[in-house]
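The block underneath contains the structure these notes are about, expressed in structure tokens.
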Amino acid sequence: MPKCVYCGQQYESPRGLTLVMNDGKINYLCSSKCRKNMKMKRRKVRWKTKKKKESTT
């Protein structure tokens, strides 16, 4: 499973976007939201750091 270079989330291979840079480096992005924020050079990611609460009942 590829790992997003922007937010660090692992995702299934049919989803996402694969960018091949001019130097041959391959970047995987999980969503268009990550692609747009990477293009704008934003680094602080809040929406991926929140964890869901797991209920034990």
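The values are calculated or read from the model by the stated rules, or taken from the named source; none is laboratory data. Quantities reported herein were computed from a predicted structural model and do not represent experimental measurements. All Cβ positions, even for glycine, are placed from backbone atoms using ideal geometry, and neighbour counts span all protein chains on display.
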List the pairs whose first member sits in the range 11-33 and is modelled with pLDDT under 90, whose second member is of a type in the set (D, E, K, R) and surrounded by 10 or more Cβ atoms within 10 Å (Cβ to Cβ), and whose Cβ atoms are under 6 Å apart, counting only residues at least 6 apart or on separate chains?
-> Leu17/Arg35
Could you list all residues from the range 1-39 that are within 8 Å of the chain's Cα centre (by Cα), surrounded by fewer than 17 Cβ atoms within 10 Å (Cβ to Cβ) and hydrophobic (A, V, I, L, M, F, W, C)?
-> Val5
